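Q: Here it is: the structure, laid out below.
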Protein chains: 2
Amino acid sequence: MFGGIKQLLIGRPKKTRELSDERLSKLKALPILSSDALSSVAYGYEAILGEIGLLGVAGLWLGLPIAAAITLLLITLVLSYLQVIKAYPGGGGAYAVAKDQFGPVAGLIAGSALLVDYTLTVAVSVTAGVAAAASAVPSLAPHTVMISVCCVIVIMLLNLRGINESASVFMWPTYAFIAAILGVEAIGYFHLLLHGGHATLHTPPPSFEVPKGLTIILILRAFASGCSALTGIEAISNATPQFRSPESRNARFTLCMLGILLAVMFLGTGYLTFSNGIQVHANQTVLSQLAATYLGHSWLYYFVQTATFSVLILAANTSYSGFPLLAALMSQDKFMPRQFAARGDRLGYSNGILSLSALAIVLIIAFQAQTSALIPLYAIGVFLSFSLAQSGMVKRWLSTKPKGWQWRALINGFGALLSLIVTVVFSIAKFAEGAWIVLILLPILISWSLRIRKHYNMISRELQIDYNKHRPMTYTPVAIVPVGGINRVVNNSISYAKSISDNVLAVYVGFSDEAIEDMQNKWEEWDPGVRLSCLRSQYRSLLKPLARFLSSVEFKEETPEHITIVIGQLVTKHWWHNFLHNQTSIRMRTWFLFRKDIVIATVPYHLND
Amino acid sequence: MFGGIKQLLIGRPKKTRELSDERLSKLKALPILSSDALSSVAYGYEAILGEIGLLGVAGLWLGLPIAAAITLLLITLVLSYLQVIKAYPGGGGAYAVAKDQFGPVAGLIAGSALLVDYTLTVAVSVTAGVAAAASAVPSLAPHTVMISVCCVIVIMLLNLRGINESASVFMWPTYAFIAAILGVEAIGYFHLLLHGGHATLHTPPPSFEVPKGLTIILILRAFASGCSALTGIEAISNATPQFRSPESRNARFTLCMLGILLAVMFLGTGYLTFSNGIQVHANQTVLSQLAATYLGHSWLYYFVQTATFSVLILAANTSYSGFPLLAALMSQDKFMPRQFAARGDRLGYSNGILSLSALAIVLIIAFQAQTSALIPLYAIGVFLSFSLAQSGMVKRWLSTKPKGWQWRALINGFGALLSLIVTVVFSIAKFAEGAWIVLILLPILISWSLRIRKHYNMISRELQIDYNKHRPMTYTPVAIVPVGGINRVVNNSISYAKSISDNVLAVYVGFSDEAIEDMQNKWEEWDPGVRLSCLRSQYRSLLKPLARFLSSVEFKEETPEHITIVIGQLVTKHWWHNFLHNQTSIRMRTWFLFRKDIVIATVPYHLND
């Protein structure tokens, strides 16, 4: 039955050789690999406003220099990653670069940071997408948690089915979003030119004075929040081998396009937001307010909101290729449980997909689908992995010293330094708001991973055999059959026990003296050719008296290497009939298996009805 | 670990002979066995007002004749149950009487009705108790669902620990409640005498006119709701053997006392409620309003509310002796899964206790802890079982014909008739409000129970053996060992397989041709003296290729009666280490056990670390 539901939801299993290997054109790669980065425009500037909004209208202009600083950071990162693409045409994720240059532990740090980041990308993108939808359709507002969770579940099911990420349908949300934002900007700047910026504005543009209550920490916090707009720009460098030939060149071209688009969209909407005096509003995203300013509630406004929602959901979806793949890589390096490396029925890494969904849902519920509450957890992981990847590049240039290594090292070194500064600023400025969660979680994750690797290494050592020394041996088996009465199940079990051993003993556990005497009499009458031992249980438990009995058998001198407990198991025809039977055999099996070095042989008795 | 938490919550296991057999004095029996019936005073009259309140203030007087009719019904039932006590000194629950007189199916109907009733008693009493608490402490009002669920969980844990129901501490809530109600009545009637009823009243007593909109169905509904005040009066007749000698006489005396007290408390508070013009209020129980009228918010008021809360929680607790015991009885009669008949660590019927709690919690959450919403489901079960028990008594008198059988049959017949009328009236009048749930649930429960009995009977026939015909036989065992590589676990499993059989075959399932070739080479190198078969799996599944392979083995002519699959199981030292290993062996075991007539032998390999 479970199998049926599973197949209905995710489809028939696929053969291993059905794994496809399609390449991406630049036209397709841009929208598909950039949805995460570009969609950040939907919440990046709003995150800045969320901080400087505390200063009131007088401080709104501060958003502009902060956005400019973030754009400079963007340019540095794009330049840095252009180098990564060139150096690692095989796909240079932060995990690979850090592992390659600094060894497995640095790789592990970058990997853990990225796993945290992927999880937050899902939570942030989905909640931001649902916020965009709720801005357009206010009646959705009270149900954002529920809707966000449902979105994650739908994305999860699609990924368990295995979606072809390079399918053309996934191009459109990103292109639609780019068109929508550039369209709003075109209208906005046209208005500014025509009317000097006063025609469609809610409020006159605020003056550029230093507002009261301005502190350095506030500016740093606003900057740190705004850096969430830069998440996702590493995606292209990770996916270099998926590009059409010449891979490296095409990937670099696409990254440049991404950088230009992101800068234009982020700064462009930022200035319009400022010149209209738009502030953060509980039930309306900043972008929705901006679109409504120029488009009213026409169908164009709804187009903008739909495109925003779609690109954010698509951005969440990109984490579903990143997380499971990274988890599988780390699992192959023994840093994660090996289940993460197994491909599911539809060839996706199902365990990674399920874990990512579960974690994202927990985050969405815990933070009540508030994007602004999730932002403080975001970006630490991203910038930490940026720092490691860029430092790794610097080390590479210094050791290989190719042509122009000096300026290459300089660019990457600058990128690494800026990323590290952002990481530190973020950790301090956002510590109390939630960054502490990530700062605690990361070391825990890393120490777990190290212990997991230690465990796997230890086991593979312990289980290793010397082909000449270790060979199967045989010994005389002893079989013990716990019996609860005299019936066909018992007859079946004793037949089996007598077939595998000449040394069979039946054991009965009685709750009262009368029950034991009664059983002894019946046994004598039946006389199956096997001796019966009776045990008295004061606590109505079967397991403990049996365990004591086995201990006494084990300590006899002539003990063989293995005792077999033969357990009869009634197998009902319908699974729900199991509720009508004490599952003593299952409990007995589990109990003994984990406590004693005893073989458990389960002899099924299949009922006819 | 689980065992540790369990012992912390419910205490150390108890020996079977620790079962106690304490008898109750009349002084103790009254409060302990009557808490359910007497506590109904807390919501009975309010349930009437909930219906006639629709007529406005002009209809309030209608509560009085309805309460009087219910009191007449009470007298009839008390007289009827006095006879039950005399006839069944061994404890004449409706299940026992109906089964005895009309056979098992009638018993089953009464039993199912009572199980539903016990569940509702918990839900209704707890929610009414929490409503009483929230009336006194308004800040609790928004959290009634949560508090009610917590109350159920606390009662459940206490019962899993095994509380001594006859402990003196359980006398006090009932006596305190009796004192509180009689005290309020004393003050109330003193006022009425002294001031002609006008001194402390909120409103002048309404006139006795026929209000507009009065319909017969409304009166019937109010009557039906009010009958919830009569639930629990059968408790004494069920518990006759627990009384001190002379049991029957003491039980009858106690039942008379209960009848008198219930009538005085119910009618007394009813008239005072009317004369003060009190109506149903969302955040204040009627009883709380009445107490506040005379006591203000003095400590005496809080005493009344505390006593009400306590007696209602105690009433819920009485279901925890009724439900599990009845479920155990029905389980012994094969009407319920046999797990209900097993005593837990602390000698209580744990499965019954857990089921009752789960069902009550579901009801509380589904009905949002609204006592008035639960009342329409209540009382059908009670009065259905009353009818069956009383009809059974009539049949008994008619067949045994002892001295005075005519008037005895008359009393019980009248009781049966009235109970049946109430059941029918209730089913019709309350159908749409929730009675339909019970009317659908009961037949389902009954049909399940019949199917359960059929299943058990079928199995006991199928498993029965003829001592002379059925005796253990032996045969040549064949052992198949699935292997995933060459290591100590495999060495261990093959050693065992060779010890129990001379006919051993190792099977390897590979996901690619290279993996299979690699394994074959290694196997030849190791040469364990066992042949290896290799299977190719296209879908990365181990189970299906193995199953196909087994089918091919089974259909060979020289097949023995049992094939044994020997599965190596890695046993880690810490339970959480299991998350680091594919639980292939467990899945394989479960899969084959339920599909094939094959013995599964699990050979543990205990890791040192």
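Q: Which whole-number percent gives the relative contact order of chain A, counting Cα pairs below 8 Å spaced six or more residues apart?
A: The normalised contact order for chain A reaches 20 percent.
Q: If you don't mind, there's one more thing I want to ask. Can you tell which of B:Val210, B:Gly510, A:Leu214 lies farthest toward the positive end of the dipole of the protein assembly as shown, using +1 and -1 charges on the Cβ of basic and acidic side chains (Lys, Arg; Asp, Glu)?
A: Result: B:Gly510.
Q: Classify the stretch A:416-460 from the C-alpha gyration tensor, please: rounded if a/c falls under 1.5, else prolate or oblate depending on whether a/b exceeds b/c.
A: Judged from the Cα gyration tensor, the stretch A:416-460 comes out oblate (a/c at least 1.5, b/c at or above a/b).
Q: Using alpha carbons only, how many angstrom separate the centre of the stretch A:397-476 from the centre of the stretch B:213-277?
A: Rounded to whole Å, the Cα centres lie 72 Å apart.
Q: Mind listing the label-point distances from A:His606 to the same position on all other copies, shortest first, one decimal in nm, points 7 Å along Cα→Cβ?
A: 3.5
Q: Normalised radius of gyration for the stretch B:478-606, please: alpha carbon Rg relative to 2.2 N^0.38 Å, two decimal places.
A: So the stretch B:478-606 has a normalised radius of gyration of 1.03.
Q: At B:Ser298, label 7 Å along Cα→Cβ: distances to the other copies, nm, ascending?
A: The projected label point of B:Ser298 is separated from its counterparts by 7.6 nm.
Q: When averaged across all projection directions, what area in nm² does the alpha-carbon convex hull of the stretch B:23-181 cover?
A: Projected over every direction and averaged, the Cα hull of the stretch B:23-181 covers 12.6 nm².
Q: Nothing charged except the Cβ atoms of Lys and Arg (+1) and of Asp and Glu (-1): what's the magnitude of the dipole of chain B about its Cα centre? Round to the nearest 20 debye.
A: 1380
Q: Residues of A:490-499, mean number of Cβ from any other protein chain within 10 Å of their own Cβ, rounded to a whole number?
A: Going residue by residue through A:490-499 and averaging, the value is 6.
Q: Related question: Under the Karplus relation 6.51 cos²θ - 1.76 cosθ + 1.60, θ = phi - 60°, what is the ordered set of whole-Hz ³J(HN,Hα) values for the stretch A:50-63, x standing for Gly and Pro?
A: x, 7, 6, x, 4, 7, x, 4, 4, x, 4, 5, 4, x
Q: Report ³J(HN,Hα) in whole Hz for each residue of the stretch B:38-43, in order, from the Karplus equation J = 6.51 cos²θ - 1.76 cosθ + 1.60 where θ = phi - 60°; Gly and Pro get x.
A: Those phi angles translate into 5, 5, 4, 4, 5, 10 Hz.
Q: Most exposed first by the Cβ proxy, i.e. fewest other Cβ within 10 Å, how do A:Tyr508, A:Tyr302 rank?
A: If I rank by nearby Cβ atoms, fewest first, I get A:Tyr302, A:Tyr508.
Q: In vacuo Debye scattering of the stretch A:278-356, one point per C-alpha: log10 I(q)/I(0) at q = 0.24, 0.25, 0.27 Å⁻¹?
A: Debye intensities relative to I(0), on a log10 scale: -1.03, -1.09, -1.18.
Q: Relative to the other copies, what are the label-point distances for A:Glu18, with labels 7 Å from Cα along the C-beta vector, expressed in nm at one decimal and sorted shortest first?
A: List, nearest first: 5.8 nm.
Q: Please list, ordered by chain and number, the residues whose modelled amide H lies under 5 Å from the amide H of A:Val509; skip anything fewer than 5 residues away on the same chain.
A: When sequence neighbours closer than 5 places are left aside, the close amide H contacts are A:Val483, A:Leu535.
Q: State the volume of the convex hull built on the alpha-carbon positions of the stretch B:305-442, expressed per residue in Å³ and rounded to an integer.
A: Convex hull volume per residue, Cα atoms: 176 Å³.
Q: Filter A:Lys6/A:Lys573; A:Lys26/A:Lys334; A:Lys86/A:Lys401; A:Lys469/B:Lys522 down to the pairs with a C-alpha to C-alpha distance above 25 Å, please.
A: The answer is A:Lys26/A:Lys334.
Q: In what sequence do B:Met146, A:Met393 fall when counting other Cβ within 10 Å, fewest first?
A: Ordered from fewest to most neighbouring Cβ atoms within 10 Å, B:Met146, A:Met393 come out as B:Met146, A:Met393.
Q: Work from the charge dipole of chain A (Cβ charges, +1 for Lys and Arg, -1 for Asp and Glu, about the Cα centre) and give the residue of A:His191, A:Gly56, A:Gly529 farthest towards its positive end.
A: It is A:His191.
Q: A follow-up question, please. What whole-number value in cubic angstrom gives the convex hull volume per residue for the C-alpha atoms of the stretch B:13-74?
A: That works out to 148 Å³ per residue.
Q: Something else now. Can you list residues from other chains, or at least 5 along the same chain, whose modelled amide H is less than 5 Å from the amide H of B:Leu24?
A: B:Phe243, B:Arg244
Q: Rg and Dmax of the protein assembly as shown over Cα atoms: what are they, in angstrom?
A: 38.2, 120
Q: In nanometres, what is the gap between the two model label sites at B:Leu193 and B:Met458, each 7 Å from Cα along Cα-to-Cβ?
A: 7.0
Q: Skipping prolines and chain starts, which residues have an amide H placed within reach, meaning under 5 Å, of the one on A:Val571, given they are 5 or more residues away or on another chain?
A: A:Tyr605, A:His606, A:Leu607
Q: For the stretch B:539-552, just list the computed ³J(HN,Hα) in residue order, Karplus coefficients 6.51, -1.76 and 1.60, θ = phi - 60°, integers in Hz, with x standing in for Gly and Pro.
A: 9, 6, 10, 8, 5, 5, x, 4, 5, 4, 4, 4, 4, 5
Q: Counting only DSSP beta bridges with both residues in the protein assembly as shown, what percent are antiparallel, rounded to the nearest 5?
A: Approximately 10 percent, going by the DSSP bridge assignments.
Q: How large is the charge dipole for the stretch B:488-575, taken about the Cα centre, if only the Cβ atoms of Lys, Arg (+1) and Asp, Glu (-1) carry charge, to the nearest 20 debye?
A: Charge dipole, the stretch B:488-575, about its Cα centre: 460 debye, nearest 20.
Q: Is the shape of the stretch A:39-456 rounded, prolate or oblate, going by the alpha carbon gyration tensor and its root eigenvalues a ≥ b ≥ c, with a/c under 1.5 for rounded and a/b larger than b/c for prolate?
A: It comes out prolate by the Cα gyration axes.
Q: Farthest toward the dipole's positive end in the stretch B:473-609, which of B:Asn491, B:Val553, B:Gln569, given Cβ charges of +1 (Lys, Arg) and -1 (Asp, Glu) about the Cα centre?
A: With unit charges placed on the Cβ atoms, the residue in question is B:Gln569.
Q: Still on this structure: Round to a whole angstrom and tell me the spacing of the C-alpha centers of the stretch B:303-340 and the stretch A:584-604.
A: Their Cα centres are 35 Å away from one another.
Q: Tell me the mean residue ellipticity at 222 nm calculated for the protein assembly as shown from its helices only (DSSP H runs of n ≥ 4, each -39500 (n - 2.57), averaged over every residue, nearest 500).
A: Helices in the protein assembly as shown give a 222 nm mean residue ellipticity of -20500 deg cm²/dmol.
Readers should treat all values here as calculations from the given coordinates under stated rules, not as data from a laboratory. As the structure is a computational prediction, the values presented were derived from the model and not from experiment. With ideal geometry, Cβ positions are generated from the backbone for all residues, glycine too; neighbour counts draw on all protein chains shown.
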